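Notes follow the structure.
Throughout, read-outs are computed from the coordinates displayed, never taken from laboratory work. The structure displayed is predicted, hence computed values, not measured ones. With ideal geometry, Cβ positions are generated from the backbone for all residues, glycine too; neighbour counts draw on all protein chains shown.
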Amino acid sequence: MSDFVEFVKETLEPCGEIRSRRMFGGHGIYRDDLMFAIVADDVLYLKADDKSEIAFRERGLARFQYAKNGKVINISYYAAPEEIFDDPEEAVVWASRAYEAAVRARKAGARRPR
């Protein structure tokens, strides 16, 4: 596990029990078995949705992107603001926002017919 992933886990620890799991060359960051953040190339990305996305966009934070079959794919994760690494209260605010988006996404998925 990278030093940065350990640092992220320590930073987000005030939000609850945080774990990480390797995935696709990066790490998924979990709370209560729900992934709410991604670490890729030593950048922390937080989950967003229609309700929370504006907070990320207003700050000009980059959306997580990757290339697949020659196309750029955007997913609903945005770079975390740098101040969360220096301010535990900001870390809780932003991590909670991401976790709540993940909870809403799980509930929406549960309502979708299969």
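Restricting the stretch 1-16 to residues that are hydrophobic (A, V, I, L, M, F, W, C) and closer than 13 Å to L44 by Cα, the residue that is surrounded by the most Cβ atoms within 10 Å (Cβ to Cβ) is L12. Looking at V72, is it among the aliphatic types (A, V, I, L, M) and in contact (Cβ under 8 Å) with a residue 24 or more places away in the chain? Answer is no for this residue. Within the stretch 4-20, residues that are touching a residue at least 60 places away in the same chain (Cβ under 8 Å) and closer than 19 Å to E83 by Cβ reach partners that are assigned to a helix (DSSP H, G or I) and of a type in the set (S, T, Y) with beta carbons closer than 9 Å, at six or more positions or on different chains, in the pairs C15/S96; C15/Y99. Among all residues of the stretch 52-73, there is at least one that is among the β-branched types (V, I, T) and in a helix (DSSP H, G or I).
Of all residues in the stretch 51-84, those satisfying the criterion of being exposed (fewer than 10 other Cβ atoms within 10 Å of the Cβ) and either in contact with a helix residue (DSSP H, G or I) (Cβ under 9 Å, 6 or more places away or on another chain) or of a type in the set (A, V, I, L, M) (or both) are A67, V72. When the stretch 1-54 is filtered for residues that are within 11 Å of the chain's Cα centre (by Cα), small (G, A, S) and over 18 Å from A105 (Cβ atoms), only A40 remains.
When A98, A91, A105 are checked against the criterion of being in contact with a Phe, Trp or Tyr (Cβ under 7 Å, 6 or more places away or on another chain) and in a helix (DSSP H, G or I), a single residue qualifies: A98.
Taking the stretch 42-54 as the range and being within 11 Å of F64 (Cα to Cα) and charged (D, E, K, R) as the test, only K47 passes.
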